[in-house]
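What follows is a short report on a single structure.
The values are calculated or read from the model by the stated rules, or taken from the named source; none is laboratory data. In this text the structure is predicted, and so the values were computed from the model without any measurement. We place every Cβ from the backbone using ideal geometry, glycine too, and count neighbours over all the protein chains shown.
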Amino acid sequence: MDTISKTEAKNKMKEAKPWVRRFGRFGYMTKGVVYGMIGVLAALAAFGPRGDTTGASGALQSISEMPFGEVVLWIIGIGLIGYIVWDFIKAIKDPENEGTDAKGLIKRTGYFISGIIYANLAFGAIKLASHTGNAGGGDSEKTISAKLMEQPFGVWLVGIVGAIIIGYGLYELLSGIKEKFMEKFKTYEMNDKELKVARISGKIGLIARGVVLSMVGFFFIETAYTHDPNQSKGLGGALDEMASQPYGQFLLAMVAIGLILYGIYQIIRGRYQHMNFGNKGK
């Protein structure tokens with residue numbers, strides 16, 4: 001039987017409080033469901049006429065039209081709140097020791113922005129489930145960029161947001177290529193099959209999502225350059241843009257598979273992610 005290293009034992013002792021840990025893990029799993037749905041819809045669009053490229057809000061709308069869709073939406077909405085809580089903890093309390101240097105602050109700012117984005121998504125899921133509104137539609141990025149443009153130095157703000165999104169996209173891309181994401185798992189609790197699935201889904205999934213996020217960031221920078229909020233596009237817009245390129249159907253199919261695998265990777269994170277305070281989990 002494998003022995004647990006001192007570092008791994010320390011990680012186990014420093015894990016977050018049980019309610020935070022369980023809530024956060026549930027959040028990762030629900031995020032995985034949403035991305036899996038986005039990937040499935042994109043795959044249907046790539047392989048036949050029955051699907052359509054869409055972002056997270058569109059995926060929620062599709063779920064609402066399924067049998068027991070309302071129940072699933074309530075579960076997703078509540079689960080995403082757990083993910084949001086953990087994002088804000090990572091941004092404010094810095095449990096992963098990202099630090100206060102430029103690189104650390106950029107990553108922590110990214111966690112905070114992620115929390116805001118998923119808060120909007122969770123609110124949209126709950127509105128759909130309770131029949132009090134829609135999931136936000138595909139124009140949320142345009143709304144965000146328009147509101148930022150109205151602020152003092154708004155053009156710069158939109159450009160900075162775009163740069164942060166691109167930076168995070170490249171970070172995920174490199175993390176997938178170098179397989180650095182495996183450091184976040186409690187590998188000593190995983191069997192060989194689970195390790196293999198985690199490695200493959202994380203590698204391909206992070207590369208796919210990194211590409212798409214970088215495209216979204218580029219659209220924000222284009223908005224800042226043209227002063228036109230209509231240039232801002234989210235995940236669905238990035239997939240649409242990809243589909244319109246030469247060999248777009250092939251590209252879309254590859255990214256769709258990657259997003260499905262990203263969803264699987266998030267579900268595995270929900271089970272085996274280190275959720276520590278004061279240690280990166282190495």
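Below are the figures for this structure:
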{"read-out": "Among the candidates K233, K203, residue that is assigned to a loop (DSSP other than H, G, I, E, B) and closer than 21 Å to G39 by Cβ", "value": "K233"}
{"read-out": "Residue match in region 191-203 (condition: crowded, with 18+ Cβ neighbours inside 10 Å and under 29 Å from A146 (Cβ atoms))", "value": "no"}
{"read-out": "Filtered residue count, region 206-230, keeping only those that are of a type in the set (D, E, K, R) and either in a helix (DSSP H, G or I) or touching a residue at least 60 places away in the same chain (Cβ under 8 Å) (or both)", "value": "2"}
{"read-out": "Residues being surrounded by fewer than 21 Cβ atoms within 10 Å (Cβ to Cβ) and outside any loop (DSSP other than H, G, I, E, B) - total across region 62-77", "value": "8"}
{"read-out": "Restricting region 204-232 to residues that are more than 25 Å from I267 (Cβ to Cβ) and touching a Lys or Arg at 6+ places or on another chain (Cβ under 8 Å), the residue that is surrounded by the most Cβ atoms within 10 Å (Cβ to Cβ)", "value": "S232"}
{"read-out": "Sole exception among (1) surrounded by fewer than 22 Cβ atoms within 10 Å (Cβ to Cβ); (2) more than 22 Å from L121 (Cβ to Cβ); (3) of a type outside the set (D, E, K, R); (4) modelled with pLDDT under 90 for G167, by number", "value": "(2)"}
{"read-out": "Options M182, M254, M215: the member that is closer than 23 Å to Y118 by Cβ and of a type outside the set (D, E, K, R)", "value": "M215"}
{"read-out": "Pairs where the first residue, in region 177-188, is farther than 16 Å from R25 by Cβ and polar (S, T, N, Q) and the second is in a helix (DSSP H, G or I) and at pLDDT below 90, C-beta under 9 Å, 6+ apart", "value": "T187/E8"}
{"read-out": "Subset of region 92-135 (residues that are farther than 17 Å from K184 by Cβ and either in contact with a strand residue (DSSP E or B) (Cβ under 7 Å, 6 or more places away or on another chain) or polar (S, T, N, Q) (or both))", "value": "T100, T109, N120, S130, T132, N134"}
